[in-house]
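Chemist: Dropping the structure in here first, questions after.
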Amino acid sequence: MVTEMVKIAVLAVQGAFAEHMDRLRKLGVESIELRRRADLEQDFDGLILPGGESTVQGKLLQDLQMLMPLRGKIAGGLPVFGTCAGLILLAEELCSDTRVYFGTMPVRVQRNAYGRQLGSFHTEENVMGLGRLPMTFIRAPYIESVKKGVEILAQVQNRIVAARYGNQIGTAFHPELDEDDRMHQMFIKMCEEYAGGGMPADV
Ligand code: GLN
């Protein structure tokens with residue numbers, strides 16, 4: 001059984017949150033912005049962490065006292081979809097960096113992994129269960145290694161660029177910037193299952 005309507009929260013302290021909200025609107029899903037701690041009191045069935053600058057987002061989450069409450073929700077099984085900087089926020093460990101933000105996803109992530117010259121690029125690759133998808137990378141990270149329980153969803157040039165751990169999905173690319181809706185649809189389905197009392201968290 002799935003619920004008819006889910007509500008998805010989008011972290012809106014910095015970065016490309018508007019693009020995610022536009023995509024959700026297009027798919028007929030209600031979204032709310034999370035800008036301050038009081039916004040967390042609303043009910044929502046999923047959370048999107050947009051691209052942007054992870055250091056800035058992490059600091060704002062701390063300063064606004066949103067980091068720990070959101071971390072608790074993610075650890076409790078709330079479906080979360082982190083794109084680019086959002087993936088960095090979810091990572092349990094960063095390469096050559098002691099910072100950890102939510103740290104709920106047992107992956108090791110390398111930031112700004114493609115160097116300055118290759119700051120942005122576009123390609124197409126297979127995503128497990130979805131087929132070939134367009135992928136836009138902007139000063140993107142990649143997943144250097146994963147621990148037990150993490151499912152690798154996509155690789156580009158032998159580097160992991162999308163993974164899933166329980167109700168957490170992280171992509172190094174920006175599905176909200178390409179026309180293709182399938183990543184968002186996959187996430188909405190997870191949110192519907194969660195709201196309908198399905199799949200327990202694996203965290
Ligand atoms: N380079 C950014 C960071 O380290 C991520 C870039 C992005 O989200 N497009 O946070």
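The values are calculated or read from the model by the stated rules, or taken from the named source; none is laboratory data. Values in this document were obtained by computation on a predicted structure and should not be read as measured data. All Cβ positions, even for glycine, are placed from backbone atoms using ideal geometry, and neighbour counts span all protein chains on display.
Chemist: Residue check: is Phe81 outside any strand (DSSP E or B) and either more than 22 Å from Ala16 (Cβ to Cβ) or touching a residue at least 24 places away in the same chain (Cβ under 8 Å) (or both)?
Modeler: no
Chemist: Going through region 158-189 one residue at a time, which ones are over 24 Å from Gly119 (Cα atoms) and of a type in the set (A, V, I, L, M)?
Modeler: Met186, Ile188
Chemist: Mind listing whichever residues of region 64-97 are within 15 Å of the ligand (Cβ to nearest atom) and surrounded by fewer than 22 Cβ atoms within 10 Å (Cβ to Cβ)?
Modeler: Glu93, Leu94, Cys95, Ser96, Asp97
Each row is one residue, and each column tells you yes or no for (1) assigned to a loop (DSSP other than H, G, I, E, B); (2) in contact (Cβ under 8 Å) with a residue 24 or more places away in the chain; (3) farther than 27 Å from Asp180 by Cα.
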residue	(1), (2), (3)
Ala38	no, no, yes
Leu60	no, yes, yes
Gly77	yes, yes, no
Glu93	no, no, yes
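Chemist: Here's a follow-up. Among all residue pairs at least 6 apart or on different chains, which show Cβ distances below 6 Å where the first residue, located in region 177-196, is surrounded by 20 or more Cβ atoms within 10 Å (Cβ to Cβ) and the second is modelled with pLDDT of 95 or more and part of a helix (DSSP H, G or I)?
Modeler: Met183/Pro175; His184/Arg23
Chemist: I want to confirm something. Restricting to region 33-56 and keeping residues that are more than 19 Å from Ala113 (Cα to Cα) and within 15 Å of the ligand (Cβ to nearest atom), which single residue is surrounded by the fewest Cβ atoms within 10 Å (Cβ to Cβ)?
Modeler: Ile48
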